[in-house]
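What follows is a short report on a single structure.
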Amino acid sequence: MSTIGASDLLTTFKQRLKDARTELIAMNQRQANIEKVVRATAARTDEILIEAWQAHFRQASQITMVAVGGYGRNELNIHSDIDLLFLHDFSDSIEQSLDDSGIGAFIQFLWDIGLEVGQSVRSVEECLMQANQDITIMTNLLESRFLAGDKARYQRFNQQIREHSSWTNESFYAAKHEEQLNRHERFDDTTYKLEPNIKKSPGGLRDIQTISWIANKIYGTSDPDSLNSLGLLTEDELDLFKASRNTLWSIRNALHILNGRAEDRLLFTHQQDIAARYGFTDKPGQLAIEQLMQEYYRAAHDIRRLNEFILQLIDESLGDAQASQRIELDEFFYIQSGYLGLSSKDTFAQNPGQILRVFNLYQRHHYALKGFSADCARAIREARPLIDEVYRENPQNLTLFLAIFKRETGLTHTLRKMHQFGVLGAFLPVFGKIEGQMQHDLFHAYTVDAHTIMVVRNLRRCAMERFRHELPDITDLALRTDKRYRLYLAALFHDIAKGRGGNHDKLGAEEARIYCEKLGLPRADTDMIVWLVLEHLKMSTISQREDLSDGDVIQGFAELTGNQERLDNLYLLTVADIRGTSASTWTAWKGHLLRQLYLATSALFSEHEHDTEPASQIETKRAGTLALLENRIPRERFDQYWAMLDEEYLHMYAPDTIAWHAEAICQASALDLPVVEIRYITEIEAGQYLIYTADTDVLLSTVTSVIEQLGQNIVQARIHAANPGFTVLIFTVTSDHTESDLQDLDSHRERMRSALLQAREHRAPIKKMIPRRLQQFHIEANIRFTIAQDEQTTIISITALDQPGLIHIIATAVAKCRIRLISAHITTVGEKAEDRFIVSQRNTKQALNKKQQTCLKDALLKALK
């Protein structure tokens, strides 16, 4: 090591790295050419590493330092990891040899000065052996640069890797292509996620790197300019490739600078700051972050399209086209080597109708196709200007478009290809308006266009036997539903008017009617599609916010739907829509609520439905409950339990639930109070708390506090008055974590009992912490009061920012104003909580008076600030 003291050396190089990063950040913030910034970052890192090497190893070293991976390509963002390979020729006592060489101390020094180093220490022979066994190591070693040490050793290593690898061009290509397909699948195979990963999402930097790796292996170069000289891209396409890559580099650099570390996720928490850094400002109808994200989506879309195009050309070049049979489909198209090809490059110019027809053919043969041939793909893109208003109005073209939806098989694949090539937006301009349109909330994970195609995909899966395991009942319903093309068209239009202002469902219904009439659909089919678009939010809203045990709610929904056919179609569309928002939005609990509403409404439409008197229904339920109990509690005690409950409770629950309640409460003595029981219901993936105890002002706030401290989410709450001064509470809860969080019943039961016993003296505290992800959303708390028709209860609708402890806040306010909570329906839509509570006066079943409404509203608004 240098004669400079170790401490001084460390201080010197820490400062060197700090100064270099300061310079690079300033260079980046001057909006300098991003390619120069990326190359300069690699160059500054070279300088620091080489100088550090020289400070540690004054004489020729037995080790060679090599840059590999992205660093080997001379591509580094501000806080990117530094991948280094240390080559050696040691054969015996390798650990001692490495210690003697000082390489371990050198690597530690690099970490100490602030570099994030990924290192490997191998001999040339070990590199070749491991590269032959592992495609990831092979890929990493292909991109290498000599930095310091014995250069001859590096040259021998480079020659060995390139000339003696067991990876043929064909096997390397196949492995990297499969790796990319698997990565895309992990990111839902869409470029249009609202919080994309700049590096790994489809269309991200990893897609560019995949091209680089394959080109390096096959052609010996990863220089982007070589894509043009090799005939893989035209000059215009190369310019687009570089511009899109630079956009991704710019955003990634901004992420690194903003976070002070490596970060590839473009999260909501980053988007506002990065938009400001690049000069985007809010405009009427478009936020700054929406402008930023549209810039990203354009770049990612173009990178993904060019990536697939380049890889396809390489695949075709590796295959033996002469040996592959060419299947002529007609005078315009053929299939060869798994690609749909174009017989003449002038086909679309001379016969524009073939633009849509090529997608019909793709749909018909998609199971045997890898995609379009490179020439065909390029011709489709170049033909888009031919899709003008005259083309759109042509009856033959409209028939071809409709046929895609009526065929069903291959529908999702075909729509994705049409979207990818820009044909869907060109032929249906209203769809083009939602391409890349953000939905700035935590409810949706995709842009409007990506969500739309996801909903169509979900509907197709519903009607496919191989996906029956996902939702068996839904598959049964979908398979017996006629004219499913109406559902697919309704899905295409259900969000088509988002971003225009006003009610997108109403505006979308108007667009759907215009287009269905243009397609020449029968009046009944048009009416069905328009109705589905208009009402596509209703079933979700009612199932999650209304009391499904209330006959008036079911009757009202039945009147809205009108008949079983409409109900069936709306049910299928609603399930597909919710499942298409994000991976976490659909839950078994939501599925349970939807099915409960569907079955209750179907019963009203059933020819076998017969009215029964409420008293007769209750007697039937009583008999069913007794049969389930099988004499486990004395009949006299059961009669007392039954008598202490009101008709609302008896109408609300099924016999099995009443039997569970009765057994727990009737077997308890006064010394056992409070009664706390918990059960986990597998079918709805939710837990249920039963609590029977003396009513107190702090009861509700105590229960909600414990549940929320356990990390559970209250999705439904019901409170029933029992004996004078006693209350039955039933809470349904879910968990964001694992099933075991809900199934650890004994510990949760004891924790709740202990809290209830202590609450006689003090109120359980709860700590309010708003996650950083929610802090950027400003949602004005809104509280509305509606007097129920019977004038015995008040309905409180609360919209506020979802946050830990929200239900506890509401429960505490209810207690403060001496109000009785009867039931609660908890709905979270992304960052927004939309909750509905039914309440009455504390000691009498009457609606709240003005004074109580004011008290509650003031208490809630103060707590929610």
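The values are calculated or read from the model by the stated rules, or taken from the named source; none is laboratory data. The shown structure was predicted, so the numbers you read here are calculated from the model rather than taken from an experiment. Here the Cβ positions follow ideal geometry from the backbone for every residue, glycine too, while neighbour counts run over all protein chains shown. Heads up: the accessible areas ignore ligands, DNA and RNA and are worked out on the full protein's heavy atoms, side chains in. Shrake-Rupley method; radii C 1.70, N 1.55, O 1.52, S 1.80 Å.
Of note:
- Accessible surface of the chain, 1.4 Å probe, proportion on carbon and sulfur as whole %: 47 percent
- Whole-Hz couplings from phi, Karplus 6.51/-1.76/1.60, listed for the range 668-681; x for Gly and Pro: 8, 9, 4, 6, 7, 6, x, 7, 10, 10, 9, 9, 9, 9
- Built amide H within the under 5 Å cut-off of Ile822, gap 5+: Ile838, Val839, Ser840
- Each residue of the range 507-517 was assigned a 3J(HN,Hα) from its phi angle through the Karplus expression (A = 6.51, B = -1.76, C = 1.60, θ = phi - 60°), giving 5, x, 5, 5, 5, 5, 5, 4, 6, 5, 5 Hz with x at Gly and Pro.
- Solvent-accessible surface of the chain, taken per residue with a 1.4 Å probe and all protein chains present: 44 Å².
- Normalised size of the chain, defined as Cα radius of gyration per 2.2 N^0.38 Å with N residues, equals 1.15.
- Rel. contact order, % - alpha carbon contacts under 8 angstrom, at least six apart, the chain: 6 percent
- What separates the Cα centres of the range 17-33 and the range 643-657 is a distance of 70 Å.
- Alpha carbon centroid spacing (whole Å) that separates the range 471-547 from the range 241-312: 33 Å
- Taking amide H atoms as placed 1.01 Å from N in the peptide plane, the amide H of Phe372 lies under 5 Å from those of Leu340, each 5 or more residues away in sequence or on another chain.
- Selection of GluC sites (Glu not before Pro), the range 315-421, meeting DSSP coil and at most 12 other Cβ within 10 Å: Glu331
- The string of couplings for the range 327-335 from the Karplus curve (6.51, -1.76, 1.60, θ = phi - 60°) is 9, 7, 7, 5, 6, 9, 9, 8, 10 Hz, one whole number per residue in order, with x for Gly and Pro.
- Among beta bridges that DSSP assigns inside the chain, antiparallel share in %, nearest 5: 90 percent
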